[in-house]
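See structure below.
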Amino acid sequence: MTETRLPPKTNTLALIGFIAAFMQPIVGIVLGVMAMRQIDVSHEGGRGLARWAVIVGIVGTSLTGIFFIVWLVLFTSAMTQSGIFGP
């Protein structure tokens, strides 16, 4: 008799973390790390999703930080030129 093996169940936290990484990158990082820890203990599937949640979260957080810095520099420059912040 042949025995059919089912693939391991995908960790729910890994899936939620991957989706959240596109909307709230920091949440994606946290959930991805938590999912990887759970996967180590439970041997569930979804390690790739958890890893990509962390990667997408880091990239998203970095791009958000760069955007904020560029925006702040341009805003300060515009305010300085208009005479509001300085001569």
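Please treat every number below as a calculation from the coordinates, not as lab data. Keep in mind the model is a prediction, meaning the values are calculated, not measured. Methodologically, a virtual Cβ is constructed for each residue, glycine included, from the backbone with ideal geometry; neighbour enumeration extends over all protein chains shown.
General observations
- Each residue of region 40-53 is assigned a 3J(HN,Hα), and the resulting list reads 4, 7, 8, 6, 7, x, x, 4, x, 4, 5, 4, 5, 4 Hz, derived from the Karplus form 6.51 cos²θ - 1.76 cosθ + 1.60 (θ = phi - 60°), x at Gly and Pro.
- Burial order of peptide ranges 19-27, 69-77 (average beta-carbon count within 10 Å, highest first): 19-27, 69-77
- Against the chain, whose longest principal axis comes from its Cα atoms, helix 12-23 is set at around 20 degrees.
- Amide H contacts of Q24: none lie under 5 Å away among residues 5 or more positions distant or on a separate chain (H built 1.01 Å from N in the peptide plane; Pro and chain starts excluded).
- When you restrict to C-alpha pairs under 8 Å that are six or more residues apart and normalise by the size of region 12-82, the relative contact order lands at 34 percent.
- Listed residues I58, I66, I29, most fluctuating in the chain (Gaussian network, C-alpha, under 10 Å): I66
- Cα point-scatterer Debye curve for the chain, base-10 log of I(q)/I(0) at q = 0.15, 0.26, 0.27 Å⁻¹: -0.62, -1.06, -1.10
- For G45, residues with placed amide H under 5 Å, excluding near neighbours: K9, T10, N11
- Cα-based shape type of region 1-45, given that a ≥ b ≥ c are square roots of the gyration tensor eigenvalues and the cut on a/c is 1.5: oblate
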